[in-house]
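See structure below.
None of the figures in this text is laboratory data; all of them are computed from the coordinates on show. Model, not experiment: these values are computed from the prediction. Cβ placement follows ideal geometry from the backbone for every residue including glycine, while neighbour counts extend to all protein chains displayed.
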Amino acid sequence: MEQFSDFFLQHREAIFIVILSIFLGIEVISHVPAILHTPLMSGANAIHGVVIIGAIIVMGHADTTGSMVLGFLAVVLGTLNVVGGFVVTDRMLEMFKKKK
Amino acid sequence: MTVPTQFPYGITILEITYIVASVLFVIGLKMLSHPLTARRGNILAAFGMGFAIIATILFHRKDGEPIGNIPLILAAIAIGTVIGWVIAKKVKMTAMPQLVSFFNGMGGAAAALISMMEFPHVSPELIARSGMANGHVLAILLGLMIGTVSWAGSMIAFGKLDGRIGDLRVKSMKYVNIAILVILLGFIVYIMTRNVQESRELMPFIYLMFGISVIYGVLFVMPIGGADMPVVISLLNSFTGVAAAMGGFLYNNQAMLTGGILVGSAGTILTILMCRAMNRSLINVIVGVFGGGGSAAASEVGTIKEITLSDAAILLSYSKKVVIVPGYGLAVAQAQHICHELDKLLEEKGVEVKYAIHPVAGRMPGHMNVLLAEADVPYEQLIESDEINPDLPNTDVLIVIGANDVVNPAAEDDPSSPIYGMPIVKARDARNIIVMKRGMGKGYAAIENMLFYNDKTRMLFGDAKNTLQNLVSEIKNL
């Protein structure tokens, strides 16, 4: 119990953010027309590329060769997620635009 | 350690940038759900990401220490950018679903790597104070497990959609999967209840956990096939979001937290919307009872009737109302452009042409929209199946191009069919039905389609692109 309350108090802001973000995510997406499901999925896919920030932090404090290699890899993969995600989404949406 | 405080407001700027980035993510996602604003929304979110990355490199401090290894970090970003950009630009539109799955896997892998590297560095003071059972360790372990599952699963999904990996369905598989999941959770409990001074003593368990998570990710996606593939990608997408959010917990980083959870919850809702479009529960999808033969009535009743190209051309030219139902076959054959040519030709002749878009036609929700948009088919001509169904009895000709399960009447008639209850395009309500198909193969869900034996149905066998090409020239020659 002590551990739980310790955990809760220590992370209460994060828990707040998590709960509110869950509602926000549901609210933001629930009125999307099926036509945009694929680009939306792809755009969301790019956004979870924020994981790259964690990769940069880890890499920025890596001290051994092993962790350097893994960190480097993490940054590369994270960048792939971000850049690939946004560019693919843009490519899909570009096609929606050029009607008329 | 002396702290080089070259810029005292760095942390403030960093945190403000994270707030801006989070807001841009939310606004971007919101704009992405509207056709007119979608593209700007995506770019806005990308800017948010860019700001967050730059600010992190410049201003992030861990115990007062700035980010090091900056040349290497920039090199890694450069490599990732070039590869990501090239892949994203070069891949064909039909391969979009695979691509999303691939990039999703990359994010999952990055999350897993972060967890692996952070685990040995859990501060000994924290362990001395509250043991291994603390939020920090939990976030690391969950990040590792979810990230790895997402990575392995996405790679399998990628391989399957790309046609490199087949389905693997074994009856007992779901029990194996549940058992592995229990083992993984057991690992988390075990690691968190160990009595150690330093977390690095437990590294062997982390490697083991990584290995088992890979196996779980593979087995989790392996049996899933058919129309369920998009659902799985969407689900894995939200997994990666949650894994990224675990990183946010770890570093007390609000941008990662909001971004990750936002995608986690939005992805889950999207997954549920897709399941609803197929009238299936998420549990069903995951446990994988779809397809695989089953008891669905296999007896073939009636006969297949073919139609010649010239008959089809005449039938179409003298119709008032034509509805096209595109499916994966259209995508594979890359026939979207010639299809649009057909509809333009018919419209010139005064025929009203509409497209009936089933939400899960193709391999991804909205797959058909993307494909037809590429061919410049006007947005207004694409009608969702629910909306067009009441109109179908007044439709003279309905053309099914490479679609199968989404027009299968078994969804309405046959309670024993695995797709029973799934909303469909009610193709058989139309006055005439032309089905373009490569052969008499079954749909992705591997079930018989009685529509093909319907009295009103005529078949046009062949590759969709060739058939459409021939049809177009036939109509021009009339």
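Points to keep in mind about this one:
- In segment B:309-477, the ratio of gyration radius to Kirkwood radius, Rg to Rh, stands at 0.93 when only Cα atoms are counted.
- Helix A:37-47 vs. chain A, principal-axis angle (Cα, 0 to 90°, nearest 10): 30
- Part-to-part distance (alpha-carbon centres) for segment A:8-24 and segment B:217-256, which is given in Å: 20
- Global form of chain B, assessed from the alpha-carbon gyration tensor, a/c cut-off 1.5: prolate
- The mean sequence distance of close C-alpha pairs (under 8 Å, at least 6 residues apart), as a share of the length of chain B, puts its relative contact order at 13 percent.
- Normalised by residue number, the volume inside the convex hull of the Cα atoms of segment B:345-427 is 102 Å³ per residue.
- Put a plus charge on the Cβ of each Lys and Arg, a minus charge on the Cβ of each Asp and Glu, and nothing anywhere else: the dipole of chain B about its Cα centre is then about 500 debye.
- Efficiency of FRET from Cβ geometry, B:Lys92 and B:Ser473, R₀ 30 Å, rounded to 0.05: 0.75
- Per the Cα gyration tensor, segment B:157-199 maps to an equivalent ellipsoid with semi-axes of 34, 16, 5 Å, ordered largest to smallest.
- Over every Cα atom in the protein assembly as shown, the radius of gyration and the widest Cα-Cα span, Dmax, amount to 25.8, 86 Å.
- Taking chain A and dividing mean pair separation by its residue count, relative contact order in percent (alpha carbons under 8 Å, at least six apart): 30
- Residues of type aspartates and glutamates that B:Lys465 reaches as a straight line, Cα spacing below 13 Å, ignoring anything fewer than 8 places off in the same chain: B:Glu341
- Taking amide hydrogens as placed 1.01 Å from N in the peptide plane, the amide H of B:Glu352 sits under 5 Å from those of B:Lys321, B:Val322, each at least 5 positions away in sequence or on another chain.
- Other-chain or far-sequence residues with amide H under 5 Å of B:Val400's (modelled H): B:Val325, B:Ile434, B:Val435, B:Met436
- Shielding score for B:66-78, defined as the mean number of other chain Cβ atoms within 10 Å: 5
- For segment B:96-287, a Kirkwood hydrodynamic radius built from all Cα pairs, placed in the Stokes-Einstein relation at 20 °C and 1.002 mPa s, yields a translational diffusion coefficient of 126 µm²/s.
- Percent of Cα pairs in segment B:1-146 per distance bin of 5 Å, from zero to the largest separation: 2, 8, 10, 14, 19, 19, 13, 8, 4, 2, 1, 0.
- Crossing angle, helix A:12-29 versus chain A [Cα axis fit, 0-90 degrees, rounded to tens]: 10
- Three-way shape label, segment B:327-374, alpha-carbon gyration tensor, a/c 1.5: prolate
- With Cα atoms as the point set, chain A shows a radius of gyration and Dmax of 18.8, 65 Å.
- Share, in percent, of DSSP beta bridges within chain B that are antiparallel, nearest 5: 10
- Proximal charge balance of B:Leu460 [Cβ under 13 Å; K/R count +1, D/E count -1]: +1
- Relative to the longest principal axis of the Cα atoms of chain B, the long axis of helix B:96-118 lies at roughly 10 degrees.
- Centre separation in Å (Cα based) which lies between segment B:1-75 and segment B:400-478: 50
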